[in-house]
1. Relative to the present Cα-Cα distance, how much length would full extension add between residue 59 and residue 136 at 0.36 nm per residue of separation?
2. Just round it to a whole percent: the fraction of Cα-Cα distances in segment 244-315 exceeding 13 Å.
3. What is the mean projected area of the alpha carbon convex hull for segment 257-413, to one decimal in square nanometres?
4. How high is the relative contact order of segment 211-336? Use alpha-carbon pairs under 8 Å, at least six apart in sequence, and give a whole percent.
5. Three principal axis extents, largest first, for the C-alpha atoms of segment 197-269, in Å?
6. First obtain the Kirkwood hydrodynamic radius of segment 63-185 from its Cα pairs, then insert it into the Stokes-Einstein equation at 10 °C and 1.306 mPa s, and state the resulting D in µm² per second as a whole number.
7. Once every Cα of segment 320-392 carries one equal point scatterer and solvent is ignored, give the base-10 log of I(q)/I(0) from the Debye formula at q = 0.14, 0.15, 0.21, 0.25 Å⁻¹, two decimals.
8. May I ask you to sort 413, 343, 237 by Cβ crowding, counting other Cβ atoms within 10 Å and putting the fewest first?
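Where a number appears in this text, it was derived from the coordinates with a stated rule and is not lab data. Here the structure is a predicted model, which is why all the values come from computation and not from measurement. Don't worry about glycine lacking a Cβ; one is built from the backbone with ideal geometry, like all the others, and counts go over all protein chains shown.
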Ligand code: NIG
Ligand code: FE
């Protein structure tokens, strides 16, 4: 059995004694151990404590990592990404700089439809290779668990192709990966005036294959004015639920579209985005078991108001942070930037941001038993920082790369 001892850790961060989804005030409590040790056996955490308890380490451990001066955190749990895509969309980025709106670009056949066209032309292997590189990039940035959506296929073949790519990523990667079917991302042009036709395609042609081949864990719908209504969202999610897929939905991004209420009614695992929230949506979310997942880099990139994190936390919501990595609204999967932005622009405390991007992100993927905090029995998915003066320095010095190395399942990546 391969056993590793990490010793002299300046601060071992997020070491709760038990698993718990954090809501409201609880988010600001981040348990830590100073001058800590951590033992890893076969990629799993098997011991945690004060370094002074370990006498004569060299006589007991062959592999010893001295983490003097370093903070060690659980790797990020990024619970909302669209990491499988065929091409970047910087031409739209420039169009937006010149004054075009998200809606103007969508009307020109850009946006999601642009990505769908490019994805149609790409082979499964090409998509896999592109996604693999992105996965490698984000793991070096500290992400150890990730959710990945389909949604750029928008046809039976395209959606299944994306989900098969995610399945291959799951099989090959050491990261913990969850897969979400987002066939209802937008209406393809040929169904623009025939919504029922596309919903039938999702229900009758896509979902049965997805269920049979176990291609997804969750179902997602872009519940938004001009995309899918709350009623359509409910029909599609209920069909997903009959096929074993829990809902995790895009809600309240551009408008007060009723997505949060629809998600809560469906007992969704999470409602994601939440840039546009009123008191009713906040109260509904606070009174539910549904996690609110905030995607600050999407708000930043689209020049939208940031999610009202303080109001959500003060109302008692359980919130997570995620990157929304995708070519249209967040071409970055950097969770260090996500956490920094949540502190700088949304006034989350560093402790709240770290909890939201680790344990609550794990809950938003139902991976809380294997990742999201430093606990005996969980995977050794760890971020080792460079020498930093305090934990708050991480979001404060937002432009610096403060990660020394990242460990996934006990191996440095
Ligand atoms: O989560 N809002 C919907 N979907 C993506 C953006 C998709 C795109 O523009 O390609 C998002 O922001
Ligand atoms: Fe998204």
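1. On the way: separation 77, 0.36 × 77 = 27.72 nm, distance 3.56 nm.
Additional length available on full extension: 24.2 nm.
2. Pairs farther apart than 13 Å: 58 percent.
3. Taking a quarter of the hull surface, the average projection is 9.8 nm².
4. The normalised contact order for segment 211-336 reaches 18 percent.
5. Reported extents, whole Å, longest axis first: 35, 26, 15.
6. Answer from the Stokes-Einstein relation: 99 µm²/s.
7. Computed log10 I(q)/I(0) values: -0.50, -0.57, -1.04, -1.24.
8. Working: 413 16, 343 22, 237 28.
Ranked by crowding around the Cβ, least crowded first: 413, 343, 237.
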